[in-house]
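In what follows, a structure is listed as structure tokens, so that the remarks can point back to it.
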Amino acid sequence: MGVIIKVGMADLKTCKGEDGVTTLGLGSCVGIAIRDPMTGVGGLAHIMLPDSTEIRNNTNRPKFADTGIEDLVSEIVRLGGSRNRLVAKIAGGAQMFAFGGKNDSICVGERNVLATKKKLNAMKIPILAEDTGKTYGRTVVFFPKTGDFHIRSVGKPEKIL
């Protein structure tokens, strides 16, 4: 077993070989795990918001689904992954707080999931599995070599996608 690399909020990391990547506390945020199954090169992005064009003067590209996914793909290709073989798994996008109505500004989790799916589709990266929505947070660990995406939530059995 290799090293587990921590991915912070609004961050992304890549790895290969026996190493894995993890991120804690995915509430409304989405964890996007992408890999090249042939080379075992992959990575994980922890995005917080759906669209970088909604905020001016922002230089933190991994914070957003649109730019974070682009940067993650670029890093995977730089490490030896093939752009044409990439596949994804996603988790998170929870509705962590219940408010009276369904307000777009409050449903950030759902908007993050939709933006993630839209960007992956536009980049022709298939989503093989997902664990999104609901009302609870998640911690994930991703192993690009095998594609195993471990999802842990308080009071729930661990899932491996």
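Readers should treat all values here as calculations from the given coordinates under stated rules, not as data from a laboratory. No experiment lies behind these values; they were computed from the predicted model shown. Note: ideal-geometry Cβ built from the backbone for every residue, glycine included; neighbour counts use all protein chains shown.
Details
- With each label modelled as a point 7 angstrom along the Cα→C-beta vector, the residue 134-residue 18 pair spans 3.1 nm.
- For the chain, modelled as a GNM whose springs connect Cα atoms under 10 angstrom apart, the maximal fluctuation among 94, 129, 33 occurs at 129.
- What you get for the range 4-147, charging only the Cβ of Lys and Arg (+1) and of Asp and Glu (-1), is a dipole of about 180 debye around the Cα centre.
- Computed over the range 4-147, the P(r) tail beyond 20 angstrom holds 41 percent of alpha carbon pairs.
- When the listed pairs 6/119; 63/117; 89/159; 63/119 are checked against a 18 Å cut-off, the alpha-carbon distance exceeds it for 6/119.
- On Cα atoms only, tilt of 65-78 relative to the major axis of the chain in degrees: 10
- Sites residue 124 and residue 59, calculated FRET efficiency, Cβ-Cβ separation with R0 22 Å, nearest 0.05: 0.20
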